[in-house]
Amino acid sequence: MKVLTATLKNLAPLHIGTGKKTGNFSKTLEYIPGRTIRGMVGYYLYNNNKSLFNALRINEDEDMSQTGVFFKNALPINKGKSTRACPVSFKWCKKCGHMIEPDKKECTNTVEDRPCLHEGKKYGGFITADSFETGELESVSVNTQISTKCPITRDGNTSPGPYDDIAPYNIESIVEGTEFEFQCIVEDEYVDGLKEALNESGIFGGLGGFRSRGYGTVTFSNFNATPASDMIQEKASNISQFKNAMMVTNSPMILRDGETSIIGFDENFEQYVSKSCDICATQGNFKIVSGDKGSQKLNEGIARGWSIKEGNKVSEIIPCIGMGSCAVVEGDPEVMATLEVYGIGEMINSGYGDVYFMEGHL
Ligand SMILES: [Zn+2]
Ligand SMILES: [Zn+2]
């Protein structure tokens, strides 16, 4: 398997529906879910390259050991730095933005030769990975705009009417020229075919909503393919330096026991960890550590299933573990590195279950 990365840039406004509507206002997500990219490429291949569609098994919805391609969520880039979902366990100073240690109540930073001493608060959103190194909160967000559209009526007029469904509506979109980190994992022999499909589908298909109104055109540049095994080794050698390891969810994570969603890291979670390790035959130990302060801090989230088999659309709405959830873990660095590369849980081919590991505790 190869890890294929690229810079994804939108050439037109980009609207990624959140699934929630507030009156006539339609909000956009500020990142591109892997499911949306998978839908774009899957639709394109189905219509233009059936043999690659079949070879990649891009339409596999359930058994993650049977697919040949895994799409991660594409997160916005701030000044070329990597982006992370901020851990829910972290607090940042309300005054100076400095990171507050888990066991401290107030800011220990020095501002103008005095201790800052302000309280901290949580930050729910994306930050640069640099924020962990510098101890300064550096948030990552995208520029958005709002456009008012009139629905096109059957006779081709665009006049607003007395009814809700033909009243003007407001669409929020990400402004053109925004850059995102694209990443997927793909079987070696299909790297070139997939690159071509990404380039073509980004221009002729596009991402998100209102594509018939010119939205959603995207380009890919700076492609880079690295063997997944090399990336796992590199990550493992970094993780092996950690004294205490903490896992943070970088995208929503779907864990289920039969039909029931599980919000928390338990023995079901550990079974999903084994499944991810089986994909690339990684062996080793891994577990959630139970400490006196508790071993996990959770956000709740909502996941939207995406089925290519069932009409290339949202298939179900699933309660799940939200981004930024944390757990104290221990185990072999190779296992953690494998999980960073492949993710954990259901639909890891659609961007769900992305995690990263860092030095830290709750
Ligand atoms: Zn402060
Ligand atoms: Zn500082």
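The values are calculated or read from the model by the stated rules, or taken from the named source; none is laboratory data. Keep in mind it's a predicted model, so treat the numbers as computed, not measured. All Cβ positions, glycine included, derive from the backbone under ideal geometry; neighbour counts span all protein chains shown.
Of the residues that sit in the range 79-110 and are under 16 Å from Gln183 (Cα atoms) and modelled with pLDDT under 95, which one is nearest to ligand 2 (Cβ to nearest atom)? Filtering the range 79-110 for residues that are under 16 Å from Gln183 (Cα atoms) and modelled with pLDDT under 95, the one nearest to ligand 2 (Cβ to nearest atom) comes out as Lys81. Ile263 meets each of the listed conditions (1) over 22 Å from Lys20 (Cβ atoms); (2) touching a residue at least 12 places away in the same chain (Cβ under 8 Å) apart from (1).
Look at the range 94-117: where a residue is within 9 Å of ligand 1 (Cβ to nearest atom) and a partner is modelled with pLDDT under 90, sitting 6+ places away or on another chain with Cβ atoms under 6 Å, you get Cys96/Val111.
Counting only strands (runs of 3 or more DSSP E) that fall entirely inside the range 220-322 and contain at least 1 residues that are modelled with pLDDT under 90 and surrounded by 20 or more Cβ atoms within 10 Å (Cβ to Cβ), the qualifying elements are 300-307.
Being surrounded by fewer than 21 Cβ atoms within 10 Å (Cβ to Cβ), in the same structural domain as Asp61 (by TED's automatic domain parsing), polar (S, T, N, Q) and modelled with pLDDT of 95 or more is a description that applies to Thr7. Within the range 13-24, residues that are loosely packed, with under 11 Cβ neighbours inside 10 Å have Cβ atoms under 8 Å from residues that are in a loop (DSSP other than H, G, I, E, B) and at pLDDT 75 or above in these pairs: Lys20/Lys27, counting only partners at least 6 apart in sequence or on another chain. In the range 273-290, is there at least one residue being of a type in the set (Lys, Arg) and touching a helix residue (DSSP H, G or I) at 6+ places or on another chain (Cβ under 8 Å)? Looking through the range 273-290, at least one residue is of a type in the set (Lys, Arg) and touching a helix residue (DSSP H, G or I) at 6+ places or on another chain (Cβ under 8 Å).
Of the residues making up the range 336-357, those that are aliphatic (A, V, I, L, M) and either assigned to a strand (DSSP E or B) or touching a Gly at 6+ places or on another chain (Cβ under 8 Å) (or both) are Ile344, Met347, Val355. Exactly one residue out of Asp165, Asp192 is at pLDDT 95 or above and surrounded by fewer than 14 Cβ atoms within 10 Å (Cβ to Cβ), and it is Asp192.
In the range 90-132, the qualifying residues are those that are surrounded by fewer than 20 Cβ atoms within 10 Å (Cβ to Cβ) and of a type in the set (Ser, Thr, Tyr), and the one that is nearest to Ser295 (Cα to Cα) is Tyr123. Among the numbered criteria (1) small (Gly, Ala, Ser); (2) exposed (fewer than 13 other Cβ atoms within 10 Å of the Cβ); (3) farther than 24 Å from Leu255 by Cβ, which single criterion is violated by Ser82? Condition not satisfied by Ser82: (2).
Scanning the range 111-154 for residues that are among the hydroxyl-bearing types (Ser, Thr, Tyr), farther than 12 Å from Ala85 by Cα and away from ligand 2 (no atom under 16 Å from the Cβ) turns up Thr144, Ser147, Thr148, Thr153. Here is a check on your reading of the model: is Gly135 modelled with pLDDT under 55 and surrounded by 12 or more Cβ atoms within 10 Å (Cβ to Cβ)? It is false that Gly135 is modelled with pLDDT under 55 and surrounded by 12 or more Cβ atoms within 10 Å (Cβ to Cβ).
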